[in-house]
Amino acid sequence: MSCFRFAKKSNWKREEVLDHKWDFVGVEEYQMNDCWSYMGYTFLFLDVFRSFIVYQADVSTAMLIILFNQWSTKSPDEIVKNANLAKELGVSPSTYHNLADNLRWVYVGSIIVSFLLLANDMRKSRRIIKSHDISFAFTDVIAYRYYCLRSFAHWCFFQEIRMHHKTSDQIAQFVFFQLKGWKRLLFAEAPRHAVTALLLWYQITQMGKPTSDDLKKFRELNPTASVRQEAQFLAAFDIYRFISYFSGVQQLTKQFGVVTMAFVFTMFVINALSTLAAAVMYIPLLYRIRGNLKEYVCHMVDKRITALMATKRQMRVEEEQYALQQAYADGAATGHYGSGGRGPQGGVATTFRQGAHHGHAGGGKTASVGPADPGRPVAALPSIDFSSYVPPTPTGRHGNAEPRVGLGNPDAAG
């Protein structure tokens, strides 16, 4: 039975809804004016600015490596001389240079891959923006930011879509958006963050190892120490020494570099763990939805848009009904519904004048015919005599007057 359960088809099907386009949705109706909404919209601009800064830093690093063949403004020989990295790694200077060159090109290659992925994402986003489809725009990061940056109302509409989802739907959205960037994580970010991890490890170990002053103090305290004991002392890492060295004001440059690398690497680790968790959660989620994850997310978004539009439509109907009831209440209080107005029962209030003499239209008193009111007399419609009616003189084809034929014309034929 379990095999047949796996083969069972899904109970949902994503269909394109024609009215779920930006052309048919008034996003201004969903605009929120509270403080938290404005704060969240500000964070969107900060996120876009952060992405721009990251790409700008990647371009600067790639140009520095390709054009000047170095990581920074210092030459590679000076970096080796100051850091003594080759000796610490236990390799020869030539081996270190080859390793450094390979790491440089790995770093540059990952930056190039990130821009290629960005170009591919922009091409897909352009098609989505041209289609004006709301659900696809919700599932695409670039299209989502494009519409949100256009107006605050678009951002508010997207937030309305995110709200009031079930827990399973929220998990599906998390898995979809997290797995959406697996190519960037694996091919663009992982190689350079591996290099960053090596540099960060070296900086931390160097700060935690004894200095020449520490060695002098060690010799004063241990005058009979052997060379082997001194080597062990120099190779030992002390966390307290690292903290005291790192907290020194004279090491601001190294502090900034280590903090920056540690922050970037920590963000990468969190992103990698989130992607790994999403990959694990995707297996039971796939069994539940039994279909394409992107189509399922779009199906959820379409359902939410349908509910939002139905709610707004019902609110508009209720507002119109309330306005009509208020107008009828005002008319009942004054005893006059106005010319061309509608009564509470849907009757049309018509104002006319009843003739002073019976059977003739003209001057007289005014009477209103509206909804049935038992305590109010209803005036009878006047009778009109058409025997003296004379139609206007028609004009012939060449502008000449033609003989009039009709009521009240003595020259009429017959």
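Below are the figures for this structure:
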{"read-out": "Output for segment 277-295, where each listed residue is closer than 19 Å to residue 182 by Cα and hydroxyl-bearing (Ser, Thr, Tyr)", "value": "282"}
{"read-out": "Qualifying residue in segment 288-295 (condition: assigned to a helix (DSSP H, G or I) and modelled with pLDDT under 85)", "value": "yes"}
{"read-out": "Number of positions in segment 149-178 that are in a loop (DSSP other than H, G, I, E, B), under 15 Å from the mean Cα position of the chain (by Cα) and not small (Gly, Ala, Ser)", "value": "1"}
{"read-out": "Selected residue (criterion: surrounded by the fewest Cβ atoms within 10 Å (Cβ to Cβ)) from residues of segment 278-299 that are touching a residue at least 12 places away in the same chain (Cβ under 8 Å) and of a type in the set (A, V, I, L, M, F, W, C)", "value": "279"}
{"read-out": "Some residue of segment 236-248 being hydroxyl-bearing (Ser, Thr, Tyr) and either at pLDDT 65 or above or within 30 Å of residue 55 (Cβ to Cβ) (or both)", "value": "no"}
{"read-out": "Residue 125 being of a type outside the set (Val, Ile, Thr) and crowded, with 18+ Cβ neighbours inside 10 Å", "value": "yes"}
{"read-out": "Helices (runs of 4 or more DSSP H) enclosed by segment 8-102 - at least 3 residues per element that are surrounded by 12 or more Cβ atoms within 10 Å (Cβ to Cβ) and at pLDDT 70 or above", "value": "35-68"}
{"read-out": "Single residue of segment 148-171 satisfying the filter (surrounded by 13 or more Cβ atoms within 10 Å (Cβ to Cβ) and more than 21 Å from residue 35 (Cα to Cα)) that is modelled with the lowest pLDDT", "value": "165"}
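The values are calculated or read from the model by the stated rules, or taken from the named source; none is laboratory data. For clarity, every value in this text was computed on a predicted model and none was experimentally measured. So basically every Cβ, Gly included, is an ideal-geometry build from the backbone, and we count neighbours across all protein chains shown.
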